[in-house]
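The values are calculated or read from the model by the stated rules, or taken from the named source; none is laboratory data. The shown structure was predicted, so the numbers you read here are calculated from the model rather than taken from an experiment. Virtual Cβ from ideal backbone geometry, glycine too; neighbours counted across all protein chains shown. Surface areas here come from the heavy atoms of the whole protein model, side chains and all, with no ligands, DNA or RNA. Shrake-Rupley method; radii C 1.70, N 1.55, O 1.52, S 1.80 Å.
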Amino acid sequence: MPQPKRSAATAAKPASAGTEKQKQLLASTAEAIGNLTTNQGLQIPDNHNSLKAGVRGPTLLEDFILREKITHFDHERIPERAVHARGTAAHGFFKVYKPMAQFTSAGFLQDPEAEIPVFVRFSTVAGSRGSADTVRDVRGFAVKFYTNEGNYDLVGNNIPVFFIQDAIKFPDLVHAVKPEPHNEMPQASSAHDTFWDFVSLMPESTHMLMWTMSDRAIPRSYRMMEGFGVHTFRFLNASGESHFVKFHWKPKLGVHGLAWDEAQKIAGKDADFHRRDLWEAIDQGNFPEWELGVQIIEEGKEDKLGFDILDPTKLIPESVVPVQIIGKMVLNRNPDNFFAETEQVAFHPGHLVPGIDFSSDPLLQGRLFSYTDTQISRLGGANFHELPINKAVCPFHNFQRDGMHRQTVNKGRVNYEPNTLATGSEYRVDGGAQGFQSYPEPLQPPKVRRRSPSFDDHFSQATLFWNSQTPAEKDHIVAAFRFELSKVDVPEIRQRMVDNLAHVDAKLATRVAAPLGINTPDAKAAAGRLGFRDYRIENAVEEDAALSMAKTSDGIKTRKIAILVADGVDWLTFKRLQQELTDAGAACKVVAPQLGTVKTSSGKQLPVDHTFANAPSVMFDAVLVPGGEASVAALSQLGDAVHFILESYKHCKTLCALNEGVQLLGSLGFALEGKGDQVMEPTAGVLLADARKTVEGQIAQAFISSIAVHRHWDRLNVDAVPA
C-alpha cells in the first residue's frame, strides 16, 4: 500500500495540548544534521569502506568505527513483548469535563481547563511484531497520563472482560493461544487445538469467548474501538471515602467491525491496515477522539449487582449502572520515532496517582507483579522509567541508584533514608499524611489458596451477551465458532466446546455444532466435567443494548469512498456528489485501471489516486460507480473492477451506481427501473439512481445516510456472491 503523501511541511499541525510532555521529549530529540560522527562525537571521514590491510586485504580489528557501528546494529532489537507485541501509538491530551472531587482526589480529574498529555498504545495480543493487524484477537488499549502527580497508566483492552479469573492461569492461557511449540504455527490465531483444548476445559472463559468470536475482535479501525479498564478499581476522595469504578473509552466515530472474509484479505493486502489508518488520520488532521466514562458503585452496595465485581470475567451492564461520561481524549500527534516511543513505552497497571487504588481482583493483583518484571526483562534493567517516553513530567526523587542504563547523575554522598548528612537536619519519610495512601481495606482470614465461590457462575453473562446481539451479529458469532473449531483436529475438543456452549444458549450450541462432524451438544456432559461449577446467577436484565455494536454510527467522517472510473467517465454526474461526501468528512479516492489521469466524456483530465491492483475493495468503506458509457463498458470488461463490486457487495458495504454505472452491478441482478426520478434501494445499502432525473441533493443524502450505517449485514444473497 502507498505511504501517506503528505510531507512534514504540509501535514496537519497538532493541537497545542501536551506541550509540557512535548518539551520534555524535545530535550532528547536529535535531528539528522551535521557531520557524521561516532557515538563519542568523532567525525567519520568515510562511511563506505572499512579499514583494511591494503585495498584488497583483510579488514583490520583495530577499525573501531566499523566495530561500533556493527555492534550497535547487532543490539538494535530488544525482546518483543510476550503479549501485545504488535502495536501502534500516538500522543494526545485528555480533559475532564467537570471536577470529580466527590469521588476521587486524582488531580487530573479536577480541572476542566487543564489538558493532560497522554500517550496511547493500541495492540493485538497473540501475534508477534511481524503479524498482521486484522487478525481475530483481543486489542490492547493502554493510556499513559502524564499528570502533575506522576504517571497514571490505564492499561486495558477493547473487551471489558477476560478469559481467566486468576493471574496464576495467565501463563497457561498465553502458552495455549500462542503458536504451538512443536511447529510454531499458526501465527496470530486462536484457531488451533491447544487454545481450544485449554478454553474448553476452562468454563470461566466462556463469556470472553463470546466477545472474541464477535465482530469486536476484528475492528474496522483503532479509531472505532471501545476501550475498557477490564478490572474493578477504586476511587478515593479527599475524605478517604471509597467507590468502586469501572473505566470505559467511548469512540466518537462509533464502534465498527470488519467482515471476517474482508479481515483475512486485508491481512494479505496490507498487514499494517490499522497502523496506517491511525497514522494517516492524525497526519491529515482527523484527530481521533474518545470520551472517558465511568461506572461508579458505592462501597457496600456492590452485592446488589448479583455477581462479584472482583471477577474479571464479569461486566456491569450499562442498563443497570449507566456510564457517566466525565472527559475527552484527543490523539493529535504521531510519534517521531517508533522504537524510542511506541516500542519502548512501558505501561503498568500499578502506575497510580492519589485518588485511584486497586481492588482485590486476583487477575489485577497478579498483573501488579508481572508488568514490572516484564519491563525489566524487555528494556534491559530497572531504569526503564528514565527513558524519555516513560519519564514523568513532574519531578521524581528517591534513593534508588545505579543499575544498567542509569541516566540520572545523582549528586552527593547520601543514598539512603533516614539521613542527616544531606541537609544537616533529619530527613525521614515515615507514615506521613501526604502522598499516595492505600485504601485500608479490611481483609478476611484465613490465608488460603482457593477461588471464591462467588466466582463460580461461568455462563449467565455469556447468555446476556448473546441475547443482546442483533440477528446478524449472532450469525457472525456462530460463523466464527464454526471456523475456529473447524481448525481443531481433535474431535473431542470440538465436542467439549459445544457442550459448554449449550449452557449459554441451546440454539447457539446446536448451530455451531451442525457442520463440525460431532454429536449434538450435551449440556449434561459439560456439567459432569472437572472445572464445571453448578452455579448460575439471575441477570438483572435479559439483554443490554450497549453490548451490541449496532446503531453506534456517528456520520461518515474519515470513511473512505472508492470512485470507480475509466476513460469516458461522466464527471458531471458525480462532481457535486463527491463534494458533498467530502464536506461530510469522507475521503473520496478515484480508482482506475492505471495511474495518471483518465479522460472524462467532456475531455477533461481526471487525476487517479489508486489502481485496482494496489487498492482493492477491502481498503474502502463504500463504492461509487459514476455514469459514462465508455467508462462503464471498459470497467465491465475488467475482471478486477467486476470483482471490486462483487467483493464490496459480499462485505455488505454501501454501493451507489449512477446512470450507466448501474450496468456494472448487472451480475448482481440490479437494474434501473421505472421513471428513475427516485433513488432506488433494491436491497440494503445498494443505491441506484439516474442523476439526470433525481432531485438535486437526494442522492448525496441517501448515500451519506447509507454509509453511516457502516455495514448492511441483512443484505440479500451475500453467501451466493462469488468473491
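Take Leu687 and tell me if it is in a strand (DSSP E or B) and of a type in the set (A, V, I, L, M, F, W, C). Working first, answer last.
On the way: in a strand (DSSP E or B): yes; of a type in the set (A, V, I, L, M, F, W, C): yes.
The answer is yes for Leu687.
Please count how many residues of segment 647-682 are touching a Phe, Trp or Tyr at 6+ places or on another chain (Cβ under 7 Å), in contact (Cβ under 8 Å) with a residue 40 or more places away in the chain and in a helix (DSSP H, G or I).
Result for segment 647-682: 1.
Restricting segment 91-124 to residues that are touching a helix residue (DSSP H, G or I) at 6+ places or on another chain (Cβ under 6 Å) and part of a strand (DSSP E or B), which is surrounded by the fewest Cβ atoms within 10 Å (Cβ to Cβ)?
From segment 91-124, those touching a helix residue (DSSP H, G or I) at 6+ places or on another chain (Cβ under 6 Å) are 96, 100, 116-117, 122; that's our starting set.
From the residues that got through so far, the ones that are part of a strand (DSSP E or B) too are 96, 116-117, 122.
Numbers: Val96: 19, Ile116: 25, Pro117: 22, Phe122: 27.
Restricting to residues being touching a helix residue (DSSP H, G or I) at 6+ places or on another chain (Cβ under 6 Å) and part of a strand (DSSP E or B), the top hit is Val96.
Could you check how many residues of segment 530-549 are small (Gly, Ala, Ser) and open to solvent by 50 Å² or more (accessible area, probe 1.4 Å)? Full working, then the answer.
In the first step, residues of segment 530-549 are kept if they are small (Gly, Ala, Ser); the result is 531, 540, 545-546, 548.
Imposing the further condition that a residue be open to solvent by 50 Å² or more (accessible area, probe 1.4 Å) reduces the set to 540, 545.
Looking only at that region, the number is 2.
What are the residues in segment 323-373 that are small (Gly, Ala, Ser) and under 30 Å from Lys447 (Cα atoms), if any? Explain how you work it out, then say what you get.
In the first step, residues of segment 323-373 are kept if they are small (Gly, Ala, Ser); the result is 327, 340, 346, 350, 355, 359-360, 366, 370.
Result: Gly350, Gly355, Ser359, Ser360, Gly366, Ser370.
How about segment 30-44: which of its residues are open to solvent by less than 70 Å² (accessible area, probe 1.4 Å) and either assigned to a loop (DSSP other than H, G, I, E, B) or over 24 Å from Phe73 (Cα atoms) (or both)? First the steps, then the outcome.
Let us first name the residues in segment 30-44 that are open to solvent by less than 70 Å² (accessible area, probe 1.4 Å), namely 37-38, 41, 44.
Residues satisfying the conditions are Thr38, Gly41, Ile44.
Out of all the residues in segment 137-148, is one or more touching a strand residue (DSSP E or B) at 6+ places or on another chain (Cβ under 6 Å), closer than 30 Å to Trp260 by Cα, among the aliphatic types (A, V, I, L, M) and assigned to a loop (DSSP other than H, G, I, E, B)?
Yes - at least one qualifying residue is present in segment 137-148.
For segment 353-379, how many residues meet the condition of being farther than 22 Å from Gly435 by Cβ, in a loop (DSSP other than H, G, I, E, B) and open to solvent by less than 20 Å² (accessible area, probe 1.4 Å)?
The number of residues fulfilling the criteria is 1.
Given the structure, is Val695 surrounded by fewer than 16 Cβ atoms within 10 Å (Cβ to Cβ) and of a type in the set (A, V, I, L, M, F, W, C)? Spell out the reasoning first.
On the way: surrounded by fewer than 16 Cβ atoms within 10 Å (Cβ to Cβ): yes; of a type in the set (A, V, I, L, M, F, W, C): yes.
Taking the combined requirement at face value, the residue satisfies it.
Just one of Thr558, Thr597, Thr552 is surrounded by fewer than 20 Cβ atoms within 10 Å (Cβ to Cβ), under 30 Å from Ile309 (Cα atoms) and out of contact with any Cys (no Cβ under 7 Å at 6 or more places or on another chain); which is it? Step through it out loud before you land on a result.
Values: Thr558 fails: under 30 Å from Ile309 (Cα atoms); Thr597 fails: under 30 Å from Ile309 (Cα atoms).
The conditions single out Thr552.
Which numbered condition in (1) in contact (Cβ under 8 Å) with a residue 60 or more places away in the chain; (2) of a type in the set (D, E, K, R); (3) more than 30 Å from Pro251 (Cα to Cα) is the only one that Glu580 fails?
Here Glu580 meets the rest and fails (3).
Could you list, in sequence order, the residues of segment 1-29 that are at pLDDT 60 or above and exposed (fewer than 10 other Cβ atoms within 10 Å of the Cβ)?
Result: Ala27, single match.
If the requirement is being under 21 Å from the mean Cα position of the chain (by Cα), open to solvent by less than 20 Å² (accessible area, probe 1.4 Å) and either at pLDDT below 95 or not β-branched (Val, Ile, Thr) (or both), which of these qualifies: Phe287, Phe347, Phe339?
Values: Phe287 fails: open to solvent by less than 20 Å² (accessible area, probe 1.4 Å); Phe339 fails: open to solvent by less than 20 Å² (accessible area, probe 1.4 Å).
The match here is Phe347.
Answer yes or no: is there a residue in segment 45-56 that is part of a helix (DSSP H, G or I) and open to solvent by 20 Å² or more (accessible area, probe 1.4 Å).
Checked segment 45-56: no residue is part of a helix (DSSP H, G or I) and open to solvent by 20 Å² or more (accessible area, probe 1.4 Å).
When only residues in segment 320-336 that are part of a strand (DSSP E or B) and either of a type in the set (Gly, Ala, Ser) or without any contact (Cβ under 8 Å) to a residue 60 or more places away in the chain (or both) count, which is surrounded by the most Cβ atoms within 10 Å (Cβ to Cβ)? Spell out the reasoning first.
If we filter segment 320-336 for residues that are part of a strand (DSSP E or B), which is where we start, we get 324-333.
From what is left, the residues that are either of a type in the set (Gly, Ala, Ser) or without any contact (Cβ under 8 Å) to a residue 60 or more places away in the chain (or both) are 324, 327.
Numbers: Gln324: 16, Gly327: 19.
That would be Gly327.
Considering only residues of segment 57-90 that are of a type in the set (Asp, Glu) and outside any loop (DSSP other than H, G, I, E, B), which is surrounded by the most Cβ atoms within 10 Å (Cβ to Cβ)?
Filtering segment 57-90 down to residues of a type in the set (Asp, Glu) leaves 62-63, 68, 74, 76, 80.
With outside any loop (DSSP other than H, G, I, E, B) added as a condition, the list becomes 68, 74.
Values: Glu68: 15, Asp74: 8.
Only one residue fits best here, namely Glu68.
Report, by residue number, each residue of segment 213-246 that is part of a helix (DSSP H, G or I), open to solvent by 10 Å² or more (accessible area, probe 1.4 Å) and not acidic (Asp, Glu). Working first, answer last.
Of the residues in segment 213-246, the ones part of a helix (DSSP H, G or I) are 215-217, 222-224.
Checking which are open to solvent by 10 Å² or more (accessible area, probe 1.4 Å) leaves us with 215-216.
If the condition is that a residue be part of a helix (DSSP H, G or I), open to solvent by 10 Å² or more (accessible area, probe 1.4 Å) and not acidic (Asp, Glu), then Arg216 is the only one that fits.
Would you pick out the residues in segment 380-410 that are closer than 30 Å to Val245 by Cβ, open to solvent by less than 50 Å² (accessible area, probe 1.4 Å) and not in a helix (DSSP H, G or I)?
Within segment 380-410, Leu387, Ile389, Asn390, Ala392, Val393, Cys394 qualify.
Here is a list of conditions, (1) closer than 30 Å to Ser454 by Cβ; (2) over 25 Å from the mean Cα position of the chain (by Cα), and Pro395 meets all of them except one; can you say which number that is?
(1)
Could you tell me which numbered condition Ile297 fails, if it satisfies all but one of (1) open to solvent by less than 20 Å² (accessible area, probe 1.4 Å); (2) closer than 20 Å to Asn158 by Cβ?
Failed condition: (2).
From the list Gly350, Gly254, exactly one residue is part of a loop (DSSP other than H, G, I, E, B) and touching a Leu at 6+ places or on another chain (Cβ under 7 Å). Which is it?
Exactly one residue qualifies, and that residue is Gly350.
Conditions: (1) surrounded by 20 or more Cβ atoms within 10 Å (Cβ to Cβ); (2) in a strand (DSSP E or B). Asp277 meets all but one. Number of the miss?
Answer for Asp277: the failing condition is (2).
Among the residues of segment 286-306, is there at least one that is of a type in the set (Gly, Ala, Ser) and assigned to a helix (DSSP H, G or I)?
The first filter runs over segment 286-306 and keeps only residues of a type in the set (Gly, Ala, Ser), leaving 293, 300, 306.
Keeping just the survivors that are assigned to a helix (DSSP H, G or I) gives none.
No; the residues of segment 286-306 include none that is of a type in the set (Gly, Ala, Ser) and assigned to a helix (DSSP H, G or I).
Considering (1) in contact (Cβ under 8 Å) with a residue 12 or more places away in the chain; (2) open to solvent by 30 Å² or more (accessible area, probe 1.4 Å), say which one Leu687 fails and leave the rest.
Against the list (1) in contact (Cβ under 8 Å) with a residue 12 or more places away in the chain; (2) open to solvent by 30 Å² or more (accessible area, probe 1.4 Å), Leu687 comes up short only on (2).
Going through segment 510-529 one residue at a time, which ones are within 18 Å of Arg482 (Cα to Cα), in a loop (DSSP other than H, G, I, E, B), open to solvent by 40 Å² or more (accessible area, probe 1.4 Å) and out of contact with any Asp or Glu (no Cβ under 8 Å at 6 or more places or on another chain)?
Residues of segment 510-529 that are within 18 Å of Arg482 (Cα to Cα), as a first pass: 510-522.
Okay, now just the ones that are also in a loop (DSSP other than H, G, I, E, B), so 514-522.
Adding the requirement that they be open to solvent by 40 Å² or more (accessible area, probe 1.4 Å) leaves 514-515, 517, 519-520, 522.
Scanning segment 510-529 gives Ala514, Pro515, Gly517, Asn519, Thr520.
Quickly run through segment 703-723 and pick out the residues that are open to solvent by 30 Å² or more (accessible area, probe 1.4 Å) and either in a loop (DSSP other than H, G, I, E, B) or not polar (S, T, N, Q) (or both). Even if it seems obvious, please write down each step before you answer.
Just the residues of segment 703-723 that are open to solvent by 30 Å² or more (accessible area, probe 1.4 Å), to begin with: 704-705, 709, 713-714, 716-717, 719-720, 722-723.
Scanning segment 703-723 gives Ile704, Val709, Trp713, Asp714, Leu716, Asn717, Asp719, Ala720, Pro722, Ala723.
Exactly one of these conditions fails for Gly150: (1) open to solvent by less than 50 Å² (accessible area, probe 1.4 Å); (2) closer than 22 Å to Asp308 by Cβ. Give me its number.
Every listed condition holds for Gly150 apart from (2).
Got a sec? Which of Ser438, Ser468, Ser460, Ser452 is touching a strand residue (DSSP E or B) at 6+ places or on another chain (Cβ under 8 Å) and either aromatic (Phe, Trp, Tyr) or open to solvent by less than 90 Å² (accessible area, probe 1.4 Å) (or both)?
Just a single option satisfies the conditions, and that option is Ser438.
Considering Trp260, Trp249, which residue is open to solvent by 10 Å² or more (accessible area, probe 1.4 Å) and out of contact with any Lys or Arg (no Cβ under 6 Å at 6 or more places or on another chain)? Let's see the steps before the verdict.
Details: Trp249 fails: open to solvent by 10 Å² or more (accessible area, probe 1.4 Å).
Just a single option satisfies the conditions, and that option is Trp260.
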